[in-house]
Amino acid sequence: MAAESIAMLPWTISSSIPSDHRLLPRGGLCVSHSHSSATPSRNCVVPRYSSTQSSLLFSKDSLRKCLRPLKALVASETPDVPTTPFTGDDKVGVLLLNLGGPETLDDVQPFLFNLFADPDIIRLPRLFRFLQTPLAQFISVLRAPKSKEGYASIGGGSPLRRITDAQAEELRKALWAKDVPAKVYVGMRYWHPFTEEAIEQIKRDGITKLVVLPLYPQFSISTSGSSLRLLESIFREDEYLVNMQHTVIPSWYQREGYITAMANLIEKELQSFDSPEKVMIFFSAHGVPLAYVEEAGDPYKAEMEECIDLIMEELEKRKITNAYTLAYQSRVGPVEWLKPYTDETIIELGQKGVKRLLAVPISFVSEHIETLEEIDVEYKELAMKSGIEIWGRVPALGCEATFISDLADAVIESLPYVGAMAVSNLEARQPLVPLGSVEELLAAYDSQRRELPAPVTVWEWGWTKSAETWNGRAAMLAVVVLLVLEVTTGEGFLHQWGILPIHR
């Protein structure tokens, strides 16, 4: 989801892009921050993994040597921009992008189908892409019972929509308080309100300038990338959207306000322990398949590691020098995901004698199933069984004031560059956010562009167009499975009918 060396400059951000203004190529620029150090923190914990696995050692030099964002472009301070960045009849909108989640237990299976039908979540070889829909159906049916149990344990549905709506309202208030009367919209990728629904409302409101802000601090093909690809397909087919000026803030994990807010939450939770200095800070991030990073150029791992480094630097300024580590959770299927895995790391820490653990959900800004059930229930239980005696967990940011204010600053900083070339004076180190149009960002991050399926809200059975499509693909899958069984076992009706020879 290699992109670890992509330089994130303020790119062209209008839909119409002159041919002589293109993005920097991958690896075209590597920038080291001036305060980089080749010496790893003495408090980093380094479990023993093979050379092919990700180490938990965070060397500041190795992390920042070729990371794409420039510190100068992501500082939180607002640049010199007009107090009211509007001209004429401009109407400014902000579109918050998020994953979405089932609001009731009946929503779980169609939500899972939408998730696994996304080719950015399950990437099939071109030859087998016709299996994407039946495979998504199979996985969603298989996983639905267990997923329903998880959602039932947290109240019968995901709180993600409610929290994201609250974040949108607080962001709107923050923007108005900063003299930017913008409207804020929420677009979910896999459940209501779908991104398509948000776009229709944006059109009805006559928005002329749009800032797209994924609520994922770090960019990944499977999160921000998937939502941006959907936006691209929507924009391409709509004349109004083609002519609407827009910009995207693809990631914002380096922003001072975000780092400060995370450090504030960690510091507060540490004080709840009897011996705060003895607590291991355990960052748990959502995982992605290893192939996304190594083959598809996903910058997620690099951005995540630098994000942890920045948070720990902020804590060190406050004389907090606890040991810390990072692991990846929520892996699905037989393929290798980013390592180390959260569950394996918890067991290993217990074996090494760690007694106090503070879990920090680092890739989530809202509470949902992966924080409330996976971390709070499953991982806590595993930690207790592994010998860890005291467990704590940092809450997700939610509507934390510093965080919301910083998001508002990021939007304001991007407005002067909506629909224009974002040219920065690098020598003057202007504090701009990394920007780009939907089309350009996707061209830079993901060369394998794939058609996206329409979202499913309810299952359709009987002689409908949807059912006919599903029945046809299911039949094709059944034929393939039967042929494989016939060839591998030497038994079956094709052998019995003499179509295939019987081996004796």
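Between S233 and E200, what FRET efficiency follows from the Cβ-Cβ distance if R0 is 22 Å, with the result rounded to 0.05?
That pair, S233 with E200, gives E of 0.90.
Send over a whole-number figure in Å² for the accessible area per residue of region 95-168, probe 1.4 Å.
The answer is 42 Å² per residue.
If one puts a single equal scatterer on every Cα of region 138-182 and applies the Debye formula without solvent, what log₁₀ I(q)/I(0) results at q = 0.16 Å⁻¹?
-0.59
Modelled label-to-label distance, W176 and E295, 7 Å Cα→beta-carbon offset: nm?
So the two model labels end up 4.9 nm from each other.
Can you give the FRET efficiency for E378 and A166, using 1/(1 + (r/R0)^6), R0 = 30 Å, r = Cβ-Cβ distance, to the nearest 0.05?
On the way: r = 26 Å, r/R0 = 0.88.
Efficiency, rounded to the nearest 0.05: 0.70.
What would the Debye equation give as log₁₀ I(q)/I(0) for region 136-248 at q = 0.23 Å⁻¹, counting only Cα atoms as equal point scatterers?
-1.43
At q = 0.26 Å⁻¹, what base-10 log of I(q)/I(0) does the Debye formula yield for region 215-304 when every alpha carbon is treated as an equal point scatterer in vacuo?
-1.25
The values are calculated or read from the model by the stated rules, or taken from the named source; none is laboratory data. This is a predicted model, so every value here is computed, not measured. Positions of Cβ are backbone-derived with ideal geometry, glycine not excepted, and every protein chain shown enters the neighbour counts. Just the protein is used for accessible areas: all its heavy atoms, side chains included, with ligands, DNA and RNA removed. Shrake-Rupley method; radii C 1.70, N 1.55, O 1.52, S 1.80 Å.
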